[in-house]
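For reference, the structure discussed in these notes is given below.
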Amino acid sequence: MSTGKAFIDARDELLRSRTDFDAALRDFRWPRMEHFNWALDYFDLVAAGNSQPALRVVDDFSGDQTVSFSAISTRSSQLANFLADQGIGRGDRILIMLGNVASLWEAMLASMKVGAVIIPATTMLERDELRDRMARGNVKAVLTHASLTDRFPALSSVQVRIAVGKGAQTGWLDYELSRAYDSFFYAPTPTCSEELLFLYFTSGTTARPKLVAHTHASYPIGHLSTMYWLGAKPGDVHLNLSSPGWAKHAWSCFFAPWSAEAAVVAYNYTRFDARALLDQLVRCEVTTFCAPPTVWRFLIQQDLSAWRVAIREAVSAGEPLNPEVISCVRDAWGLTIRDGFGQTETTALIGNTPGQRVKLGSMGRPLPGCPIVLLDDHGALCEEGEICIDLKNNPCALLREYLDDPDLTSWAKRGGFYHTGDVAAVDEDGFLTYVGRLDDLFKSSDYRISPFELESVLIEHPAVIEAAVVPSPDKMRLAVPKAFVVLATDYESTAAVAESLLVHVRSRVSSFKRIRRIEFASLPKTISGKIRRGELRAIEEARPAGLYRRPLEYWEEDFPNLKGAKSS
């Protein structure tokens, strides 16, 4: 059996059980191949003579480009021959820094075909960040927009520089030269499935970005779990709102939808506008849609019922989704957003799957092929503990290593388990509810506090768009929960609003969990959009002693009538 056929057979097993979770758990097995190249062995196979849309690139200025499976297969082979002609081959590192343009998908496929190791990079990176990536990634080639070539520092170690579009700096090759190359690419030797394929720099919410190494098995094959969670099937139109350069883009804009033979919609925008996004969902007849919680929170500020969407599957990932958002979308569209969980180091591991009961607030159950367990501080199974992957049967959906950091790799994979650093609780039906990052949990009066739980309660208040809860030093309790809050546009940062939020939380949580302090402020974020809670914790740890208040900060002591107050 060919490796492409083995992959398709495993894929088809999941498609047959798309809404039958028990059958998928029972019957699915990861395909095990010594050699596998997803671009050559799978994509070119299904793309041959296939005129169905594979990619549609749209923007808010009437831009609309549709490319078929066969056309993008041909273009990627031309580009692969061009790369090979520049001396790019097996194991060479290529940094790809492109936005949502067709050349990004062509470049990903072409790099896979020649056996290069891809280092995806967001277009938001500046010179110092690029210098770090090129040095640590040992980059041999760079492929980027011509308009971004001036961001790159001295490229003495980079042998090949390719620019898409006009206006590149001196010394860059024109991407269009690849169109003159042969449309058939021949790989002289097969690709070992355990060869490196991706090097991802993590978003670095708490420390220097780690360098995550994935193989030709862990991401292309591993993302069968992501395909199953999305609920995508052949002929679907999938839109994922994620920026290129981050792992979630490869998850949901590349491997998962194309493994299902669904079309990908790439939406280009200069500034996020909820109404414009809703218009694109309708215009492109999107059937499966994935967005991070922040985007969902902005969408529910609109009257969603005014847009007649064709969406069948709605999912969210990146950070846990608050139950209030799920309820709002369900009321407007009759759809339940299905939450899921994974990391840059993994593919989708946990999710609420199509056709199954969804528990509000739960991120779902372990996906087919993903042996998830919860472990306590002593490595014993428990009902609330760290989310871990049992490594006994070598599951595909996991990084090979942290590159050049064997100590970190050993620590993450200690005791026969991969340790995610995230904590969850499991109920009697096997559904997992997110508790928080191990680094984010803290104690107040000796009670353990989950920031995510309190943030979820805050989000239920109509005034709140986003919130982040961190410990704030306190003489009596050592630390108390403090919330940094971003307000909706119709609300002002006043004492009255702060009191309303404190009342709201008091009526919904136990007394030891109450938020005691609120500050209205913007939230520091990584360039991938994740909240830097570490920075907020540092702000609080540096607080002067006494009853010092920061601007736009309110404490429960400021409201003498708060005791016994009820939520309106």
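Residue by residue, here is whether (1) outside any helix (DSSP H, G or I); (2) of a type in the set (Gly, Ala, Ser) holds:
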position	(1), (2)
75	no, no
79	no, no
122	yes, no
130	no, no
149	no, no
154	yes, yes
168	yes, yes
Please name all residue pairs, on different chains or six or more residues apart, with Cβ atoms under 7 Å, provided the first residue is in region 378-402 and is touching a residue at least 60 places away in the same chain (Cβ under 8 Å) and in the same structural domain as residue 432 (by TED's automatic domain parsing) and the second residue is of a type in the set (Lys, Arg) and surrounded by 14 or more Cβ atoms within 10 Å (Cβ to Cβ).
-> 402/210
Residue 327 fails exactly one of the following numbered conditions: (1) more than 18 Å from residue 435 (Cα to Cα); (2) at pLDDT 95 or above; (3) outside any loop (DSSP other than H, G, I, E, B). What is the number of that condition?
-> (2)
Just one listed residue, out of 232, 274, 262, 266, is touching an Asp or Glu at 6+ places or on another chain (Cβ under 6 Å) and touching a residue at least 24 places away in the same chain (Cβ under 8 Å), and it is 262
Hey, could you check region 466-488 for residues that are surrounded by fewer than 19 Cβ atoms within 10 Å (Cβ to Cβ) and touching a residue at least 60 places away in the same chain (Cβ under 8 Å) and say which is nearest to residue 522 (Cα to Cα)?
-> 488
Count - residues of region 315-342 that are surrounded by fewer than 20 Cβ atoms within 10 Å (Cβ to Cβ) and touching a Ser or Thr at 6+ places or on another chain (Cβ under 7 Å) = 3
Could you say which residue among 59, 22 is surrounded by 16 or more Cβ atoms within 10 Å (Cβ to Cβ) and either acidic (Asp, Glu) or touching a His at 6+ places or on another chain (Cβ under 6 Å) (or both)?
-> 59
Scanning region 243-259 residue by residue, those surrounded by fewer than 24 Cβ atoms within 10 Å (Cβ to Cβ) and touching a Lys or Arg at 6+ places or on another chain (Cβ under 9 Å) turn out to be none
Got a number for residues in region 414-428 being in a loop (DSSP other than H, G, I, E, B) and touching a residue at least 40 places away in the same chain (Cβ under 8 Å)?
-> 1
Are any of the residues in region 195-202 modelled with pLDDT of 95 or more, among the acidic types (Asp, Glu) and under 20 Å from residue 315 (Cα atoms)?
-> no
When the residues of region 338-389 are filtered to those that are within 20 Å of the chain's Cα centre (by Cα), among the aliphatic types (A, V, I, L, M) and at pLDDT 95 or above, which remaining residue is farthest from residue 297 (Cα to Cα)?
-> 389
Determine if region 71-79 includes at least one residue that is at negative phi, touching a strand residue (DSSP E or B) at 6+ places or on another chain (Cβ under 7 Å) and assigned by TED's automatic domain parsing to the domain that holds residue 174.
-> yes
Can you find a residue in region 513-520 that is out of contact with any Lys or Arg (no Cβ under 8 Å at 6 or more places or on another chain) and either modelled with pLDDT of 80 or more or among the acidic types (Asp, Glu) (or both)?
-> yes
Which is touching a Ser or Thr at 6+ places or on another chain (Cβ under 6 Å) and farther than 22 Å from residue 323 by Cβ, of 403, 438, 398, 408?
-> 398
Within the bounds of region 99-110, is there any residue that is of a type in the set (Phe, Trp, Tyr), assigned by TED's automatic domain parsing to the domain that holds residue 38 and under 24 Å from residue 214 (Cα atoms)?
-> yes
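Listed here are the residues, each with its yes/no results for (1) closer than 27 Å to residue 6 by Cβ; (2) buried (at least 22 other Cβ atoms within 10 Å of the Cβ); (3) in contact (Cβ under 8 Å) with a residue 24 or more places away in the chain; (4) in contact with a Gly (Cβ under 6 Å, 6 or more places away or on another chain).
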| residue | (1), (2), (3), (4) |
| --- | --- |
| 39 | yes, yes, yes, no |
| 49 | yes, no, no, no |
| 52 | yes, no, yes, no |
| 71 | yes, no, no, no |
| 93 | no, no, yes, yes |
| 97 | no, yes, yes, no |
| 123 | no, no, yes, yes |
State whether one or more residues within region 28-36 are at pLDDT 95 or above and part of a helix (DSSP H, G or I).
-> no
Criterion (more than 20 Å from residue 245 (Cβ to Cβ) and assigned to a strand (DSSP E or B)) met by exactly one of 298, 289 | 289
Filter result (over 17 Å from residue 226 (Cα atoms), touching a strand residue (DSSP E or B) at 6+ places or on another chain (Cβ under 7 Å) and polar (S, T, N, Q)) within region 323-372 | 362
Does residue 181 satisfy being hydroxyl-bearing (Ser, Thr, Tyr) and not assigned by TED's automatic domain parsing to the domain that holds residue 397?
-> yes
Go through region 2-21 residue by residue and tally those that are of a type in the set (S, T, N, Q), modelled with pLDDT of 95 or more and more than 20 Å from residue 370 (Cβ to Cβ).
-> 0
Residue tally, condition part of a helix (DSSP H, G or I) and either surrounded by 13 or more Cβ atoms within 10 Å (Cβ to Cβ) or touching a residue at least 40 places away in the same chain (Cβ under 8 Å) (or both), over region 403-413 = 3
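The values are calculated or read from the model by the stated rules, or taken from the named source; none is laboratory data. Remember, predicted model here, so these are calculated numbers, not experimental data. Cβ sites come from the backbone with ideal geometry, for glycine too, and all protein chains shown count toward neighbours.
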